[in-house]
1. To the nearest 10 square angstrom, how much accessible area does B:Tyr200 have with a 1.4 angstrom probe?
2. Please state the shape class of the protein assembly as shown: rounded when a/c is under 1.5, otherwise prolate if a/b exceeds b/c and oblate if not, all from the C-alpha gyration tensor.
3. With a 1.4 Å probe and every protein chain left in place, work out the accessible area per residue of chain B in Å², rounded to a whole number.
4. With the crude spin-label approximation of a point 7 Å out along Cα→Cβ, what separation in nm comes out for A:Asp97 versus A:Phe141?
5. What angle do you read, to the nearest 10 degrees and between 0 and 90, between the alpha-carbon axis of helix A:50-59 and the longest principal axis of chain A?
6. Averaging sequence separations of C-alpha pairs under 8 Å and six or more residues apart, then dividing by the length of the range A:81-137, give the relative contact order as a whole percent.
7. Where the Cα atoms of the range A:156-253 are projected onto their three principal axes, how long is each span, largest first, in whole Å?
8. Using a 10 Å cut-off around each Cβ of peptide B:221-228, what is the average number of partner chain Cβ atoms that fall inside?
Amino acid sequence: MAAVGSARAYPTVGSSYANTAPHYRRSLRRMGLTATVTLFATMLLTVYLMPFGYMVVTSFKDRDQIVASATGPVLPVEPRTVDVGGRQVPVYRVPLDGEVRELALVRPGRRESVFVDPADPAGAEVTWEGAWRTLKPAYVFAPRTGNFAEVWRGIDFPRLLFNTAFIAFTGMVGTVVSCVMVAYAFARFPLPFKGALFLVLIATIVLPKQVLLVPTYAFFHAIGWTGTWLPLIVPHFFANAYNVFLLRQYFMQLPPSSTRRR
Amino acid sequence: MSTRAAPRGARLTPLAREQRLWGWVFLSPWLVGFAAFTALPILASLVFSFTDFRLTDPEAVSFVGLDNFRRLTVDPLVRVSLGVTLRFALISLPIAVVLPVALAALLDSRWLVGKPLFRTLFYMPYVVPVVSAIYIWQGVLNTQSGWLNRLLRLVGLPGPNWLDDVRWIYPALVIIGLWGLGNAFLITLAGMQAVPTAYYEAARVDGAGPLARFRHVTLPLISPVILYNLVLSLIGLMRYFEVPFILSNGTGRPGSSTMFFNIHFYKTSFVFFDMGYGSALAWLMFAVTMVLTGLLFWSARHWVFYAGGERG
């Protein structure tokens, strides 16, 4: 702030000595802060969403690849093989003369093995001394889409989506309308026993759902609603404690002057 | 609002009577729903707790008086599971309160570029169904192939055995719980945005820096939302179930560190079908949570600020 003040002390218009440094320093500082905060948020987000990456990568693996990835690479891969004289032979990563080359194993041996260059299977053979079983296999990227086909065939996805969307939409309408009404009553209307009723409302959050499971089922069965969508839809129209509590907190956060009767 | 102070039995003004009528009308959806969908089942479960009702043999029910409640005092798993729940609460409750505020402050920062995108992406995991999220995390936390340990190995740290080590299971549960943060941070963010900008300007004029503005303007004004997060986290902890149940299949492994109270309740009621004793356990859980929630609301008088003027 002091820097800005000193900038104004200089004649800035029409002067060749105008000192613009404080202005630039300020916008530099602003850019630096923006970059730092955004970079920090990006790093945080990357770690936070890492499981999504795991999910996507795993969805492109078949069963064998999932087992193999316990010790192998992260991406969906398969061991690389190459056709040498009409037969598929595995490719290994072979350390030769200080560099690692991917070579096709044509004649495995206990002490030394014979390899060829996969790009030129008929070319010169390379002999490598050492136990070939200690070598790491070479991999090629091989995503499998079978899981997606299996999901699509296994379930009637459009139908399920319609069911979900319909119940979600009607439930949403019911929840919003009823919860706003009830929360407003709790936040603003002078009612007797309001405090006690609110405690009862909070108490219903505490109740373990499992306790109510059997009696609730018996109740719906008694009024003939089992086997219909009604138990999934109708209760939403009678408010729920979570959203009433939340909305009540917001209503009480607002100054009453904004809603008071004029 | 002078009408609120009117003593009971005193003559109400027409305005107060009208307000009271509309109050009940507005409240009626919950009153009706509560009676039908909650009060009835609660009564049923209260009755169960005094019987030896078993799901496998629903015809043979007899009243056993207070036997189920007496059993609560001698059942060693009650003590174990309450202890487990309390120990985990000490780790996870502070995180459940602080993290949403920190994340909301970050996503409300004027130095952040692309706020809508960040907000959407940080909320996204909350939309994933709990069960699939747990399976995903189980893969990510795998000691050998899990991405988290691969990441730790990249920076030269030894990856712990997250899910099978008594010392690491609670941090692992907290990490898995991070994906449930979406709702808490979203409502905290909404609370922050509802703070009138005039307050910040006034504070700035008075010479308050960014930290002082956060401490003396933002925090008091979002304290109702913090109370909401705190109460729901506490209640959620008392009924913490899905994550430990899926990870250890209800065995409480490793050790008995994941034998949470709700798992003990679930196994009693739906594995051993002992609904009578299960109902007694549920009522114990209910009582403990009500006492703790009551304490929170009582303490709220000292630290929650309602701009609407009312306390409590």
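The values are calculated or read from the model by the stated rules, or taken from the named source; none is laboratory data. The model shown is predicted, which means the values in this text are computed figures rather than measured ones. Counting neighbours? That spans all protein chains shown, and the Cβs are built from the backbone with ideal geometry, glycine included. Protein only, heavy atoms only, side chains kept; ligands, DNA and RNA dropped before computing areas. Shrake-Rupley method; radii C 1.70, N 1.55, O 1.52, S 1.80 Å.
1. 60
2. oblate
3. Values: 15670 Å² over 312 residues.
For chain B, the per-residue accessible area is 50 Å².
4. Each label point lies 7 Å from its Cα, and together they span 3.0 nm.
5. Between helix and principal axis, roughly 60 degrees.
6. It comes to 30 percent, rounded to a whole number.
7. Principal-axis extents of the Cα atoms in the range A:156-253, largest first: 49, 29, 21 Å.
8. Shielding by partners across B:221-228 averages 3.
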